[in-house]
Amino acid sequence: QVQLVESGGGLVQPGGSLRLSCAASRSDFRLHAMNWYRQAPGKQRELVAVITSGGITNYVDSVKGRFTISRDNAKNTVYLQMNSLKPEDTAVYYCYSDFFGAWGQGTQVTVSS
């Protein structure tokens, strides 16, 4: 079992930046891919970004060129750097481990002027 704890959400103006963090409670987190999802009000949860254990990344088209997923295995942490934020990026963001089948509690990101 693993616990995932997100942080870093908040209110930001359009065009601004935020960095989300997801800290895992187990060191073998480094052996597995990690994901960031988001869920906007009234919408289904969608996969935003993935990073493999080897650092290969993939993104949903709507965030390509603006978001960057990365990981620091020494800190058991995965990050989501979000730049050029748009109002449509407003959502609760969750990290998820396929291997452990575990979700974090989510962190709210609101992009508004």
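Structure above, values below:
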quantity: Scope segment 56-67; condition surrounded by fewer than 15 Cβ atoms within 10 Å (Cβ to Cβ) and basic (Lys, Arg); matching residues; calculated: Lys64
quantity: Counted residues, segment 1-18 - those being open to solvent by 70 Å² or more (accessible area, probe 1.4 Å) and small (Gly, Ala, Ser); calculated: 0
quantity: Conditions (1) open to solvent by 50 Å² or more (accessible area, probe 1.4 Å); (2) without any contact (Cβ under 8 Å) to a residue 60 or more places away in the chain; (3) assigned to a strand (DSSP E or B); (4) among the polar types (S, T, N, Q): number failed by Ser53; calculated: (3)
quantity: Residue among Ser70, Ser21 that is open to solvent by less than 60 Å² (accessible area, probe 1.4 Å), over 15 Å from Leu4 (Cα atoms) and either at pLDDT 95 or above or not in a loop (DSSP other than H, G, I, E, B) (or both); calculated: Ser70
quantity: Of residues in segment 88-113 being assigned to a loop (DSSP other than H, G, I, E, B), open to solvent by less than 40 Å² (accessible area, probe 1.4 Å) and over 16 Å from Val63 (Cβ atoms), the one modelled with the highest pLDDT; calculated: Gly106
quantity: Among the candidates Gly8, Gly16, Gly42, residue that is touching a residue at least 12 places away in the same chain (Cβ under 8 Å) and on the phi > 0 side of the Ramachandran plot; calculated: Gly8
quantity: Subset of segment 92-112 that is in contact with a Gly (Cβ under 8 Å, 6 or more places away or on another chain) and among the hydrophobic types (A, V, I, L, M, F, W, C) - its residue that is farthest from Val12 (Cα to Cα); calculated: Cys95
quantity: Leu85 being hydrophobic (A, V, I, L, M, F, W, C), surrounded by 15 or more Cβ atoms within 10 Å (Cβ to Cβ), under 19 Å from Ser17 (Cβ atoms) and over 12 Å from the mean Cα position of the chain (by Cα); calculated: yes
quantity: Sole residue being more than 18 Å from Ser17 (Cα to Cα) and among the hydroxyl-bearing types (Ser, Thr, Tyr), chosen from Tyr79, Tyr37, Tyr96; calculated: Tyr96
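The values are calculated or read from the model by the stated rules, or taken from the named source; none is laboratory data. Everything quoted here is computed from the prediction, not taken from an experiment. Virtual Cβ from ideal backbone geometry, glycine too; neighbours counted across all protein chains shown. What goes into the accessible areas is simple: the full protein's heavy atoms, side chains included, and nothing from ligands, DNA or RNA. Shrake-Rupley method; radii C 1.70, N 1.55, O 1.52, S 1.80 Å.
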